[in-house]
Every structure is written in C-alpha cells, then in structure tokens.
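Taking it in order: structure first as structure tokens, then the write-up.
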Amino acid sequence: MSLYYKHSLYIMTKPMTKPKPKPKPMTKPKPKPMTKPKPDNTKSWNILVGDCRDQLKELPDQSVHTIWTSPPYFGLRDYDQADQIGLEPSPEEFVEAMTLVMDECMRVLRDDGTLWLNIGDSYSSKKDKQLLGIPWKVAFALQERGWILRNDIIWAKGISGQKDFTLSMKDAMLRKGIDPQVVRSILSEMTLTSGNAMPESVTDRSTYSHEYMFLFSKKKKYYYDHHAIKDPQVLLDGTRNRRSVWCVPTKPFGGAHHATAPLDLVTPCIQASTSEKGCCSQCGAPYIRDVEVLGSDSEPLDQRDTGRIRQPGNSPIKTSSFGNGREIIEKGWKPGCPCKGSSSLSSSSLSSSSSSGSPSIVPCTVLDPFAGAATTLLAADHLGRNSIGIELNPDYALIAEDRLMTYRSTLPPLSDRYIPLESDNELEDEFDSVTDLFNKEEGGG
C-alpha cells in the first residue's frame, strides 16, 4: 500500500467533526437611559437656616401644635456662629435671650398647644463653685412672661440605688405572701439601669446625671393625650398615668453635632401633645381620642387611671384600679372643632381642603427652634407628624437634612425605655391591692 493510499485511507476513516464556530466579538451592553430622580414631595419637615429670633417671625400665628426644643446650654459650647445663644457674659443675659425666643414661640403656638423645654444646668466658672440653677431661672422667667408651668420632668440619664430598690421591692412582696418565683419574674421586668451619664472628675459632690424638661402651656385647658404615653402596670394587668421621672439613656450620634437628645426622650412628648389621628385642615384643631370610662369614679381619672384600654370590637376587659373596678373603652377619634371634615388623612398643609371644599384631616405640626441634628424632626416624621426646624449653623442644617433622608425609611420601631421609680409608700399601696390577684393566679383561680 502506497503512502498516498495510507494517507487517503486515514483521511477517509477519520470521524467527521463540525468546525468550531468563531467566537463573537465582545460588545459592551448598552447603558440604560439616564432618568432624573423624582423630586421628594413627601417630606414632612422643613428646615429653616438662620437665627431663630428672626426665622420665628416668618411663621404665622398659632400655626404649630407643640414645640419640643433643647437650646444651647449656658457657657458650654461655642458653635462658631455670630449672635449664638449660650455664650452670653452672664446667666441673666442668657435668660433674657431665652425669653425673647419663647415670646415668639408663644405667638406661633396654638392656644391649645404645649411647649417642652429641655435645658441643663451649669456651674459657675468662678472659685465659688456655685450651681447656677439655669433651668429654674429660665422657667421662672417664662412664668413671668405668661407661660403656665405644668410639669418639671426629671430626665434621669443614670441612677444610683439599684440594689436598695431591688431589695426593698423583694422584701415588700415576700411580706405580702407573693410566691418567690413570681417575685423573681416581677423584678426581672423592673430592673433599673445605672445609665450612661457623662463622667465627672469630682469627689466633693455627686456626678450630675439628670436634666430638667419643663412642660408649659399657654392656657389652662390644652391638648394632652395621656392615653398615648401610659405606663404599663407591673403588678396590675393594666396601665397607669406616666410619672415625672424618665429613665432614658443617652445615645451617641456619629455626626459633627455633639449635643443630641435621644429619640426616646422626644417621642413621648410629641405623642402626648399632638393627635395621632391628625387635625382639621381648616382650623387646625386636633382630633380627640374618644374614650368611655366605666366603673367607679370615686377618684379622678387623671390621678388613678390604671385600667386597660379595650379597642373597638374586643371583649370587655375589667381591671382593678387600687380597689376600684374600671373598664376603659376606646371608641376611636372625634373632631375637636365644629368643622365638618372628611375622614381621610393627607399630608397637605393646614390650609388645604378636600375637593368638595370641606376640611380634611392633616397631620399635626411640631416645631423645634433649636433643631441641631434634627432629633425632634426625626421623631415627628416617625410618628406621622409634620415638623419645622430652625438651625443657626448651615453645616448642622445639612447634617440634619442628611440624617432625616438617610434614616427615614430605615428607622426601627421606637422603644420607650422609661422605667418608673416608686416611693416605698406607693409600693405598699400597690402590694395591698394585688395580693388576692397573685394568690388566685398561683391557686389556679
């Protein structure tokens, strides 16, 4: 066999294979056409930049429902702004500056509105080591200008006496015959926090770990929804009116603004002072919670209300209020004005109305003339309220706007860390009223 034949035979007997297709040249995907971001028309806040003494004059009379603010503390920080409040030569000049701001706040606040003023104290820079009493100087000055001081609330950043409190609670419950296992369960829910107050290098006094928060009103009668911020009863299956000592730990803020109030301090104030339902778009009157109280009325409701609220449609729930049987039925909301409004909630301004010309329901408005890092505005937005903030420093105003936009959709549900502090006498009264309750539970009754 010739070489040519062998080669031909080899070619003929080789399995036939399809030629590999040539790879297609790589092409970049066509970019999607750029679209302009839609403007955010759902913002519930408005930040005004400038001196609050000037910016407040631009706001209409009686246009806000509540004010929550924490002004710069006297002699504490320099915010590098001309005419800033807080660096006056004397406490008297600081108090005068504060009264001028609050005069304008009184004008823009509704007659049924409230002012929450959080303010810390300062020590004298002289050698006499005097505590200046700045919060009370301001409070008394505001009283002279027509404000009604309704509450002095202690913001407890840190507390002492946890061991003594726990032991006294334990002894009192065991003396009443409550089962030790039940006692341990109760104490686990009432554990107080030692807090995270700013440390001080002092050895001749206690570390300063509280601030004052004053509640003011313009009139004797004002809007206050105490049902919105009730405390849960630990020993009774119900609720009670909120106490005036609030244990709220401070929380750090990563921005440039150092003095930032915790959300848990601001939120209950807004809940109590503005209607969850909203207000009338025509006159601004807040909607009122429609609550019916059944049972003994031997004690005023605002003093000893510890009943459990029954939502519409639920079965009746009877509770004991220190020996007084009481049932609280929440029916819903009712308008606080004679205007005939619609029942739909919108985010329009107070002057808006429905297409038919009748007033609608719109969110209430919160004001903070010293907005800072916008904690007040953040809490208001989380609760579905509108808000106005005023900030002197343009850099802080940008931080506030960024904080609001960043966290608006990612905020977790707020948890109120307020834990009530009790006196020994009040604890004894509660134990007397619940002994039978625990005995029945342990006996299966």
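The values are calculated or read from the model by the stated rules, or taken from the named source; none is laboratory data. The structure displayed is predicted, hence computed values, not measured ones. Neighbour counts run over all protein chains shown; Cβ positions are idealised from the backbone, glycine included. Note: accessible area is taken over every heavy atom of the protein model, side chains too, but ligands, DNA and RNA are not part of it. Shrake-Rupley method; radii C 1.70, N 1.55, O 1.52, S 1.80 Å.
Among the residues that make up the stretch 301-309, is at least one of them assigned to a loop (DSSP other than H, G, I, E, B) and either open to solvent by 10 Å² or more (accessible area, probe 1.4 Å) or at pLDDT 75 or above (or both)? Taking every residue of the stretch 301-309 in turn, at least one turns out to be assigned to a loop (DSSP other than H, G, I, E, B) and either open to solvent by 10 Å² or more (accessible area, probe 1.4 Å) or at pLDDT 75 or above (or both). Residues in the stretch 247-260 that are in a loop (DSSP other than H, G, I, E, B) and open to solvent by less than 20 Å² (accessible area, probe 1.4 Å) were compared, and the one that is modelled with the highest pLDDT is V248.
Restricting to the stretch 124-138, name every residue that is open to solvent by 10 Å² or more (accessible area, probe 1.4 Å) and at pLDDT 85 or above. Across the stretch 124-138, the qualifying residues are K129, Q130, L131, L132, G133, W136, K137. In the stretch 220-234, the condition of being at pLDDT below 80 and either of a type in the set (V, I, T) or under 24 Å from Y396 (Cβ atoms) (or both) is met by at least one residue.
If you take the residues of the stretch 58-99 that are part of a loop (DSSP other than H, G, I, E, B) and among the aliphatic types (A, V, I, L, M), which of them is farthest from the chain's Cα centre (by Cα)? Don't jump to the end; show me each part of the working.
Just the residues of the stretch 58-99 that are part of a loop (DSSP other than H, G, I, E, B), to begin with: 59-63, 70-90.
From the residues that got through so far, the ones that are among the aliphatic types (A, V, I, L, M) too are 59, 76, 82, 85, 87.
Details: L59: 24, L76: 25, A82: 31, I85: 25, L87: 28 Å.
Applying the filter and picking the extreme gives A82.
The set of residues in the stretch 139-172 being assigned to a helix (DSSP H, G or I) and crowded, with 16+ Cβ neighbours inside 10 Å consists of A139, A141, L142, F165, M169, K170, A172. Checking K331, K318 one by one, the residue that is among the charged types (D, E, K, R) and at pLDDT 50 or above is K331 and no other.
Apart from one condition, S90 fits all of (1) without any contact (Cβ under 8 Å) to a residue 12 or more places away in the chain; (2) open to solvent by 40 Å² or more (accessible area, probe 1.4 Å); the exception is (2).
Taking first residues from the stretch 268-286 that are assigned to a helix (DSSP H, G or I) and open to solvent by less than 10 Å² (accessible area, probe 1.4 Å) and partners that are at pLDDT 95 or above and hydroxyl-bearing (S, T, Y), the Cβ contacts under 7 Å between residues at least 6 apart in sequence or on separate chains come to I270/T66; A272/Y224; S273/T66; S273/T114; S273/Y223; S273/Y224. Residues of the stretch 126-157 that are without any contact (Cβ under 8 Å) to a residue 40 or more places away in the chain and under 21 Å from S209 (Cβ atoms): K129, Q130, L131, G133. With respect to being crowded, with 16+ Cβ neighbours inside 10 Å and either in contact with a Phe, Trp or Tyr (Cβ under 7 Å, 6 or more places away or on another chain) or more than 14 Å from K218 (Cα to Cα) (or both), D112 fits the description. Scanning the stretch 64-84 for residues that are in contact with a Leu (Cβ under 7 Å, 6 or more places away or on another chain) and modelled with pLDDT of 95 or more yields V64, I67, T69.
Any chance the stretch 346-359 includes a residue that's modelled with pLDDT of 70 or more, of a type outside the set (A, V, I, L, M, F, W, C) and surrounded by 15 or more Cβ atoms within 10 Å (Cβ to Cβ)? For the stretch 346-359, residues modelled with pLDDT of 70 or more, of a type outside the set (A, V, I, L, M, F, W, C) and surrounded by 15 or more Cβ atoms within 10 Å (Cβ to Cβ): present.
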